[in-house]
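Heads up: the structure comes next, in structure tokens.
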Amino acid sequence: MPSSEKSAALAVAVDIGGTFTDVTLQDPASGRAWRAKTPSIPADPSQAFLTGVELALAEAGREAGEVVRVLHGTTVATNMILEGKGARTALVTTAGFRHVLEIGRQDIPRSVNLYAWIKPKRPVPASRILEVRERIGAGGVVLQALDEASVHEAAEALRRLAVDAVAICLLHAFANPAHERRVAEVLRAALPGAAVTASTDVLPVVREYERSLATILNASVMPGVATYVQRLEQRLEAAGIKAPLLLMQSNGGVAGASSIRRAPALTVLSGPAAGVVGARDVAASCGIADIITVDIGGTSADIALIKGGKIGLTQRGQVGEWPLSLPMVDMVTIGAGGGSIARVEDSTLTVGPKSAGAEPGPACYGRGGTEATVTDAHVVLGQLPERLLGGRMALDRALAETAVREGVARPLGLSLEAAARGMLAIIDSNMVGAIRVVSVERGHDPRDFTLVAFGGAGPLHGCALAELLGISRVLIPPAPGVLCAEGLLAADLKAEFNRTMPKAGRIEVASVEPVYAELECEAQAWFDEEDVAAPDRRQARVAMLRYHGQGGELTVPWGADAAATEAAFLEAHSALYGFNLEAPIELVTVRVEASGRMPEPVRPKLAERRTAATKEMRQVHFATGKREVPVIDREELGAGARFQGPAIVTQLDATTLVPPGWNGEVHATGAMLLRRD
């Protein structure tokens, strides 16, 4: 590109998944984007990060020094929690409460056998839980002063235990953090090499078990995430990129590296959150506000519902076997992806949740994988081209056929194609069940929504899922395989500041206002730290309410007065449960949501080209039989182009299957809208 055509600044977004690392390099002034996709390297994610960035820069013909903004969605914290590979962590708590973790909650997962379930091993064993003598009441009143001698005793015991991280969670610290802050101060001085985190800095809200877990998980991943971020910053600097690093959070916003070092648990599920942000942005550019997002990668499928363009947050998230009550995008994740392995046991076919991952990957990758996967089924049916990633990655059909034949077809006495279709039917059924969780179970009819299918495997399954749900329209983003990376470019800086009220009860504005004012001061300090310009600062007050006697709260906007806030709660409760109660409404927790507006990405209009030229014809197996199907290069599709299914649309980052009975049209933004005939 001639220098006269270049802008002075570029933004790069990198999302690291279990199988591929996706990169989008964008010129914010023109909206032009260059994309790259490279295999992930689980042993060192930062290596794939830099490889992808270099590929995108080479594609654009640009220099590393032109990058002024780096955004990243990482699964480092998530993987450490799921695999139990966090730092050696200890817990310091109030005397008499060392068994809070072991007691936990008196419930079991709905999907397990009631009589065979075994309580999972706690993230911190009792031998590494230490007590300090102090007591704060539920209203924040000091009932027993902090015994500093017991804190120094705990520090000495922690030194002997050789821990790498310490979580501090004292009883009712959310109502009065003074004791926790003093304990943290003493321990940081006594243990300079350990990561120390207090619950009031992570989750200052009611419920001891969930608050303790969030603090422990945060502490356990602090050293690993800090090391990873430091290595990433060093690699970027060595490559000539001096731009600040912003990391995606699970709440759908980004934050600076310093904020993430303090609270790395905020990045759990950050990759899927970026995809939801990107899906909303693409749908909004097409004038669509009500969507169900389905992000299907190599290992998992992440599903969310957006109503009226608003991304819902939840504090009832789950990471592996642990509840994590930090604010995160409300989504459901299941083990269903292109790498999901099919197995036959006792003449029963199951698909997932175990995945072939990036190594060895599906059999068709030719890297030593021998078990049949969902990707292999697509190859057998002719639904995937012979080469991916712009020709850089070949798919071996013979290996795919061998895996499906030996692993599924022969044990079940089926034809090769019937076995492959059965694998896809099962994985689609699993995903439909998850879609019903975010829609039907929450009072929404999926037929009223547009399905946005993305991720490397999403466009292959989008129409099949829509048919099973009665949805008539599917949206495929312009770059579905790297939408999580593109969602980073559309994300604002974001943070939440929570405080549980000293006592749950009726809304008393006079007592709530000072709490909100204090939280807004914390938000202003965060804005200053993140260097957000005054015109770009946004704050919103929300409240978490419940009926007296209920065990969970609903989050609603804080109204002009108590009556307006209660009315919002009644509307939300009725929408979710279908009824309201004749019981007092209680305010439990207040929150200030702060966001720093980032430059809005420009979405250039696609040039008009109404014809859809066929690149080649290929044989594809459908339930109705074998068909000759046109293969269309998406790069050749212009705005207004229309085509009739069956068809296969190929591009660098994904392949879209348009089955018989569907037709497609290209929107001016480059998105494809698929509709049932």
Yes/no for L395 being over 26 Å from D330 (Cα atoms) and either surrounded by fewer than 18 Cβ atoms within 10 Å (Cβ to Cβ) or modelled with pLDDT under 95 (or both): yes
Yes/no for A523 being free of Cβ contacts under 8 Å to residues at least 60 places away in the same chain and either small (G, A, S) or in a loop (DSSP other than H, G, I, E, B) (or both): no
Test: R603 is surrounded by 13 or more Cβ atoms within 10 Å (Cβ to Cβ), in contact (Cβ under 8 Å) with a residue 40 or more places away in the chain and not assigned by TED's automatic domain parsing to the domain that holds E496: yes
Leading residue by the ranking (nearest to R499 (Cα to Cα)) among those in the range 173-185 that are in contact (Cβ under 8 Å) with a residue 24 or more places away in the chain and surrounded by 24 or more Cβ atoms within 10 Å (Cβ to Cβ): F174
Scan of the range 439-473 for residues that are over 14 Å from L305 (Cβ atoms) and part of a loop (DSSP other than H, G, I, E, B), ordered by number: G455, G456, A457, G470, S472
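Take the residues of the range 280-300 that are β-branched (V, I, T) and surrounded by fewer than 24 Cβ atoms within 10 Å (Cβ to Cβ): which is farthest from Y365 (Cα to Cα)?
Residues of the range 280-300 β-branched (V, I, T): 282, 288, 291-294, 296, 299.
Still in the running and surrounded by fewer than 24 Cβ atoms within 10 Å (Cβ to Cβ): 288, 299.
Details: I288: 37, T299: 15 Å.
Among residues in the range 280-300 that are β-branched (V, I, T) and surrounded by fewer than 24 Cβ atoms within 10 Å (Cβ to Cβ), the one farthest from Y365 (Cα to Cα) is I288.
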Criterion violated by D201 - all others in (1) in a helix (DSSP H, G or I); (2) within 24 Å of L519 (Cβ to Cβ); (3) at pLDDT 95 or above satisfied: (3)
Hits in the range 407-419 - residues which are surrounded by fewer than 20 Cβ atoms within 10 Å (Cβ to Cβ) and in contact with a Ser or Thr (Cβ under 8 Å, 6 or more places away or on another chain): P411, L412
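Does A491 fit the bill of being among the small types (G, A, S), at pLDDT below 95 and farther than 13 Å from M598 by Cα?
On the way: among the small types (G, A, S): yes; at pLDDT below 95: yes; farther than 13 Å from M598 by Cα: no.
For A491, the condition - among the small types (G, A, S), at pLDDT below 95 and farther than 13 Å from M598 by Cα - is not met.
Out of the residues in the range 382-398 meeting the condition of being aliphatic (A, V, I, L, M) and in contact with a Phe, Trp or Tyr (Cβ under 8 Å, 6 or more places away or on another chain), tell me which one is farthest from L652 (Cα to Cα). Break it down into steps so the answer makes sense when it comes.
Of the residues in the range 382-398, the ones aliphatic (A, V, I, L, M) are 384, 388-389, 393-395, 398.
Filter once more, keeping what is in contact with a Phe, Trp or Tyr (Cβ under 8 Å, 6 or more places away or on another chain): 393, 395.
Numbers: M393: 11, L395: 14 Å.
For the range 382-398, the residue satisfying everything is L395.
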Of all residues in the range 313-353 being among the polar types (S, T, N, Q) and outside any loop (DSSP other than H, G, I, E, B), the one that is farthest from T500 (Cα to Cα): T348
Single residue of the range 626-636 satisfying the filter (within 32 Å of the chain's Cα centre (by Cα) and crowded, with 21+ Cβ neighbours inside 10 Å) that is farthest from G455 (Cα to Cα): I632
Condition broken by G361, with the remaining ones in (1) among the small types (G, A, S); (2) modelled with pLDDT of 90 or more; (3) part of a loop (DSSP other than H, G, I, E, B) satisfied: (2)
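Quickly run through the range 474-489 and pick out the residues that are more than 13 Å from A56 (Cβ to Cβ), in a helix (DSSP H, G or I) and touching a helix residue (DSSP H, G or I) at 6+ places or on another chain (Cβ under 6 Å). Show your work before the answer.
To start, the set of residues in the range 474-489 that are more than 13 Å from A56 (Cβ to Cβ) comprises 474-478, 480-481, 483-484, 487-488.
Then keep just the ones that are in a helix (DSSP H, G or I); that gives 480-481, 483-484, 487-488.
Result: P480, L483, C484, G487, L488.
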Subset of the range 637-660 (residues that are over 17 Å from L384 (Cα atoms) and either of a type in the set (F, W, Y) or surrounded by 15 or more Cβ atoms within 10 Å (Cβ to Cβ) (or both)): L637, G638, A639, G640, A641, F643
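Can you tell me how many residues in the range 129-155 are farther than 15 Å from T93 by Cα, touching a residue at least 24 places away in the same chain (Cβ under 8 Å) and not in a loop (DSSP other than H, G, I, E, B)? Give the derivation first.
Taking the range 129-155 as the starting set, the residues that turn out to be farther than 15 Å from T93 by Cα are 138-143.
Next cut, touching a residue at least 24 places away in the same chain (Cβ under 8 Å) only: 138-142.
Cutting the leftovers down to not in a loop (DSSP other than H, G, I, E, B) gives us 142.
The number of residues fulfilling the criteria is 1.
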Conditions (1) closer than 22 Å to V23 by Cα; (2) outside the structural domain of A64 (by TED's automatic domain parsing); (3) touching a strand residue (DSSP E or B) at 6+ places or on another chain (Cβ under 7 Å); (4) small (G, A, S): number failed by A257: (2)
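What do you reckon, is A398 in contact with a Gly (Cβ under 9 Å, 6 or more places away or on another chain), among the hydrophobic types (A, V, I, L, M, F, W, C) and either part of a strand (DSSP E or B) or at negative phi (or both)?
Values: in contact with a Gly (Cβ under 9 Å, 6 or more places away or on another chain): no; among the hydrophobic types (A, V, I, L, M, F, W, C): yes; either part of a strand (DSSP E or B) or at negative phi (or both): yes.
Criteria not met by A398.
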Test for E83: is it touching a residue at least 12 places away in the same chain (Cβ under 8 Å) and among the charged types (D, E, K, R): no
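The values are calculated or read from the model by the stated rules, or taken from the named source; none is laboratory data. The model shown is predicted, which means the values in this text are computed figures rather than measured ones. Backbone-built Cβ (ideal geometry, glycine too); neighbour counts: all protein chains shown.
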